[in-house]
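**Student:** My questions all concern the structure below.
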Amino acid sequence: MTDIPKDHPRYESLITREKIVEGVNIGITSKQGLVAQGRGEAFDYLIGERTTESAAIAERAAVAHILLARNPIISVNGNTAALVPDLMVSLADVTGARLEVNLFHRSDARIHKITEHLRSQGAGVVLGGKGEKRLDLSHDRAIVDEDGIFSADVVLVPLEDGDRCQKLVEMGKTVITIDLNPLSRTSLSATVSIIDNVTRALSNMVQFTKDMKGKSKDSLLDVIDAYDNDRVISDSLYSMQENLKNKAEERGIKWI
């Protein structure tokens, strides 16, 4: 990695970019993932590079769904494997969910490298290598494990994945997404749309799980019943608008 001084004003952002580049170099992240990362970073800047109140509400609802699930699966792609492998493993451990590698640019080599990368972070069983079932999609994200995504009742899909998200919802699954674009197909299709940076979101979800794990089924159902995904998306758009307005006013720029 490039040696980035910690006092650089964009230190965290630059470190994230370096992780994605390293992921490409070691063969777990596709080159197209670089573009996806840049797009997400732009939306993170718009929202103020922080977890909003509505995002935290979505993260708590997501945890409630996972804790109540019969077969919860956390889907792993190349970008999440590069950026947050430790957090993916931690969330799986604390919730009892399982990890499954699912890729658009799929190859046996990438599946193997991501699986080994997750195991190096402490993962046990990692699904995704069998791929004996297919979703009704025309690309390789359709390839899933029968006892994983195919039979899951709750699926966490970090980062953008619109058509697969829609298909999983059509199959009757609860789909939780992490996507900084509140107007993407992913966010608009999901059961729970977390409009937050994936590192912040997963860190929060690990902590929320620790706080919520001992709660009764009825308490967790109350969290789910009170959740309004449309409101979360609306609030995220408002947060972006207010952040831009405040930044403009700080510079003496008139906000129209």
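**Student:** Being outside any helix (DSSP H, G or I), out of contact with any helix residue (DSSP H, G or I) (no Cβ under 7 Å at 6 or more places or on another chain) and closer than 15 Å to residue 77 by Cα is the filter here; which residues of the range 117-140 pass it?
**Tutor:** Passing the criteria: 131, 139.
**Student:** Conditions: (1) touching an Asp or Glu at 6+ places or on another chain (Cβ under 7 Å); (2) closer than 19 Å to residue 20 by Cβ; (3) hydrophobic (A, V, I, L, M, F, W, C); (4) part of a helix (DSSP H, G or I). Residue 114 meets all but one. Number of the miss?
**Tutor:** Among (1) touching an Asp or Glu at 6+ places or on another chain (Cβ under 7 Å); (2) closer than 19 Å to residue 20 by Cβ; (3) hydrophobic (A, V, I, L, M, F, W, C); (4) part of a helix (DSSP H, G or I), the lone unmet condition for residue 114 is (1).
**Student:** Next up: Taking into account only those residues within the range 28-85 that are farther than 30 Å from residue 106 by Cβ and basic (Lys, Arg), which is surrounded by the most Cβ atoms within 10 Å (Cβ to Cβ)?
**Tutor:** So the residue we want is 60.
**Student:** Take the residues of the range 100-130 that are among the acidic types (Asp, Glu) and in contact with a Gly (Cβ under 9 Å, 6 or more places away or on another chain): which is nearest to residue 153 (Cα to Cα)?
**Tutor:** 100
**Student:** For residue 30, work out the one condition from (1) closer than 16 Å to residue 178 by Cβ; (2) in a loop (DSSP other than H, G, I, E, B) it doesn't fulfil.
**Tutor:** (1)
**Student:** Quick check: is even one residue across the range 9-20 free of Cβ contacts under 8 Å to residues at least 40 places away in the same chain, open to solvent by less than 50 Å² (accessible area, probe 1.4 Å), part of a loop (DSSP other than H, G, I, E, B) and of a type outside the set (Ser, Thr, Tyr)?
**Tutor:** Looking through the range 9-20, none of the residues is free of Cβ contacts under 8 Å to residues at least 40 places away in the same chain, open to solvent by less than 50 Å² (accessible area, probe 1.4 Å), part of a loop (DSSP other than H, G, I, E, B) and of a type outside the set (Ser, Thr, Tyr).
**Student:** Write out, first by first residue and then by second, each pair whose Cβ atoms fall under 8 Å of each other, whose residues are 6+ apart or on separate chains, and whose first residue, in the range 30-54, is more than 19 Å from residue 244 (Cβ to Cβ) and touching a residue at least 24 places away in the same chain (Cβ under 8 Å) while the second is of a type in the set (Asp, Glu) and open to solvent by 40 Å² or more (accessible area, probe 1.4 Å).
**Tutor:** 36/160
**Student:** Against the conditions (1) open to solvent by 20 Å² or more (accessible area, probe 1.4 Å); (2) aliphatic (A, V, I, L, M); (3) under 21 Å from residue 29 (Cα atoms), where does residue 103 fall short? Just the number, please.
**Tutor:** (1)
The values are calculated or read from the model by the stated rules, or taken from the named source; none is laboratory data. Worth saying up front: this structure is predicted, and the values here are computed from it rather than measured. Note that we place each Cβ from the backbone using ideal geometry, even for glycine, and neighbour counts take in every protein chain shown. For the accessible areas, the whole protein counts, side chains as well, though only heavy atoms, and no ligand, DNA or RNA atoms are used. Shrake-Rupley method; radii C 1.70, N 1.55, O 1.52, S 1.80 Å.
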